[in-house]
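Engineer: Have a look at the structure that comes next, please.
The values are calculated or read from the model by the stated rules, or taken from the named source; none is laboratory data. Everything numeric here is computed off the predicted structure, so don't read it as measured data. All Cβ positions, even for glycine, are placed from backbone atoms using ideal geometry, and neighbour counts span all protein chains on display.
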């Protein structure tokens, strides 16, 4: 009876994780060589092709999975970014996130996203929480800058001159010109204008551009 219970416990025991050191020992190679190939570092090109193939085959056979936490501690990178958006269900943000996800997947990055509904307190809180999770940077989509942040920041539709922030600005005047010229070419003169939400940081710039272009085209608002 005891033996039967012992066999059951052995069967249920979790499979031991294969470490980089275990894989290197199995191959009879240095951990550095194996690590360079597994991580597809530039230096891997200097390792013979046969050796690279042998390492990758062994990694697949032994079901080796890289420890990203350990890698991030060594390289000071977590391979993740934080994304802040006003809301995640609106069509514009869905389209933007589709492109963001595609780019991050190609770069082997994960991401954490949070919706703040235009509340500055949530922007500050979420950026702080993301920083505590060691993200490598923040992506702000139509989102004002957090009060305090010491991470690299890329702002889509951003208008901040703050140091360390890369702003991807939209040409609202050109967009307004294209839209209103098209409507005017169709013969429309009585056009209704609907202004954006107050919490959207692009709203004021977009509206000023629309007003200016409408004036140029002699369209009454």
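Engineer: If you check residue 160 against the conditions, is it at negative phi and either surrounded by fewer than 15 Cβ atoms within 10 Å (Cβ to Cβ) or at pLDDT 85 or above (or both)?
Structural biologist: Answer is no for this residue.
Engineer: I would also like to ask the following. Given the conditions (1) out of contact with any strand residue (DSSP E or B) (no Cβ under 6 Å at 6 or more places or on another chain); (2) modelled with pLDDT of 90 or more; (3) surrounded by 10 or more Cβ atoms within 10 Å (Cβ to Cβ), which single one is not true for residue 84?
Structural biologist: For residue 84, the failing item is (1).
Engineer: Give me the pairs, please: first residue somewhere in segment 38-49 and touching a residue at least 60 places away in the same chain (Cβ under 8 Å), second residue anywhere and surrounded by 12 or more Cβ atoms within 10 Å (Cβ to Cβ), beta-carbon distance under 9 Å, and either six or more positions apart or on two chains.
Structural biologist: Between residues of segment 38-49 that are touching a residue at least 60 places away in the same chain (Cβ under 8 Å) and residues that are surrounded by 12 or more Cβ atoms within 10 Å (Cβ to Cβ), there is no close pair.
Engineer: I'd like the residue in segment 98-129 that is touching a residue at least 24 places away in the same chain (Cβ under 8 Å) and in a helix (DSSP H, G or I) and, out of all such residues, is surrounded by the fewest Cβ atoms within 10 Å (Cβ to Cβ).
Structural biologist: Among residues in segment 98-129 that are touching a residue at least 24 places away in the same chain (Cβ under 8 Å) and in a helix (DSSP H, G or I), the one surrounded by the fewest Cβ atoms within 10 Å (Cβ to Cβ) is 120.
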